[in-house]
Amino acid sequence: MSDHAPPPSFFWARLNAWGGFDRLRVLPLLTVVLLLIHAPDVWYLRTPLIFLCILGVAFEQVLRRPAFWYVIATLLGTTVYLNWESSDNHKYLFVYWALTMCAVTSLPREQQGSSLAISSRWLLALCMLLATVWKAVNPQYMDGGFFEYELLTDRRFESFASLVTGMPAVELHTNQELWGLLHHGHLRGLKVDGVQLSTHDGIRPLALFLTLWTVLIEGILAVLYFLPNTRRVAVIRNTLLIVFAATTYSVANVRGFGWMLMLLGMAQSEDRDRDFRLAFLGGFLLIQAYTFPVSAISGVLLGN
């Protein structure tokens, strides 16, 4: 090591300092970005939500008003209510988070940080607990059927399934077309009662592994976030949450859910754990990086 090189503690101190950003300013802005990207498809809900989010970006003081978050929660809740049969799980979490921000911003400034941390920990704990219980009591999930079906038909799993199992991507594309025909063929006047999907010997073992891994890590996270908020527990659960996001959303690229978990992770990281705030922000960016078409880009660079 050079005589002039700063000691390792210097870099850790700088990292800790960078993680000391004001959560009460950064999190509302990140939430607005998240909502802009995942705005409802229905125009009469999408339009006012986008308008409010743009207003929040332009006038930061608006983000500190409980009424702003109450209206946001109302719009998001209405979307879930009107589309409950097709709403993704993270859409419900968006509503709870907006209500949390409403409650937090209604408190005196000196109480907002601690209230935000406690509420976020409870949201993480309950989210993981309910997810684990639902999976554990659902035979169609625990037998690996859910992931087997998703690996064969969901385009978000296509690259992962092909890479790990060796199943040709063209067969997965065909499965996706058959899935679309089965679900939407009636719109073209076609009556399709069933289709035969292509599969591969490696799909079933991979589906079982993903099933067990998901239940295990979500269950552990649920327990950890219910435990008392000691420094040692915080280090373990925060690290595991980042590992969960880094592994899960590299396979199932559901950006909305991943980003929401990273926001909750940042929100519950108190000043004692400020170094993790930067790690959760990195997780936020990593989940976005997973959406890059790496194979296509590498093919262009290599001239393939």
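The values are calculated or read from the model by the stated rules, or taken from the named source; none is laboratory data. Not measured: the values here are computed from a predicted model. Because the Cβ atoms are built from the backbone with ideal geometry, glycine has one as well, and the counts that use them run over all protein chains shown. SASA here: full protein model, heavy atoms, side chains in, ligands and nucleic acids out. Shrake-Rupley method; radii C 1.70, N 1.55, O 1.52, S 1.80 Å.
A few remarks follow.
- Exactly one residue among T199, T291 is touching an Asp or Glu at 6+ places or on another chain (Cβ under 9 Å) and either part of a loop (DSSP other than H, G, I, E, B) or closer than 19 Å to L151 by Cα (or both), and that residue is T199.
- Matching residues, region 202-245, being open to solvent by 30 Å² or more (accessible area, probe 1.4 Å), within 17 Å of F276 (Cβ to Cβ) and in a helix (DSSP H, G or I): R231, R232, V235, I236, T239, L240, I242, V243
- The set of residues from region 23-53 being among the charged types (D, E, K, R) and either closer than 16 Å to T79 by Cβ or open to solvent by less than 60 Å² (accessible area, probe 1.4 Å) (or both) comprises R23, D41, R46.
- Residue list for region 111-144, filter: touching a Lys or Arg at 6+ places or on another chain (Cβ under 8 Å) and open to solvent by 30 Å² or more (accessible area, probe 1.4 Å): M142
Residue-by-condition table, conditions (1) without any contact (Cβ under 8 Å) to a residue 12 or more places away in the chain; (2) closer than 20 Å to D201 by Cα:
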site: M101; (1), (2): no, no
site: P108; (1), (2): yes, no
site: L123; (1), (2): no, no
site: P139; (1), (2): yes, no
site: E150; (1), (2): no, yes
site: R155; (1), (2): no, yes
site: P168; (1), (2): yes, yes
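- Restricting region 72-109 to residues that are hydrophobic (A, V, I, L, M, F, W, C) and farther than 23 Å from W43 by Cβ, the residue that is nearest to the chain's Cα centre (by Cα): L93
A quick yes/no check of all residues on (1) at pLDDT below 90; (2) farther than 22 Å from D88 by Cβ:
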site	(1), (2)
P228	no, yes
L241	no, no
V251	yes, no
G258	yes, no
Y290	yes, no
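- Leading residue by the ranking (farthest from S198 (Cα to Cα)) among those in region 174-186 that are modelled with pLDDT under 85 and open to solvent by 50 Å² or more (accessible area, probe 1.4 Å): H186
- Cβ-Cβ under 9 Å pairs, at least 6 apart or on other chains, region 29-54 side at pLDDT 90 or above, far side of a type in the set (D, E) and open to solvent by 60 Å² or more (accessible area, probe 1.4 Å): none
- Filter result for F160 (within 18 Å of D201 (Cα to Cα), among the hydrophobic types (A, V, I, L, M, F, W, C) and open to solvent by 30 Å² or more (accessible area, probe 1.4 Å)): yes
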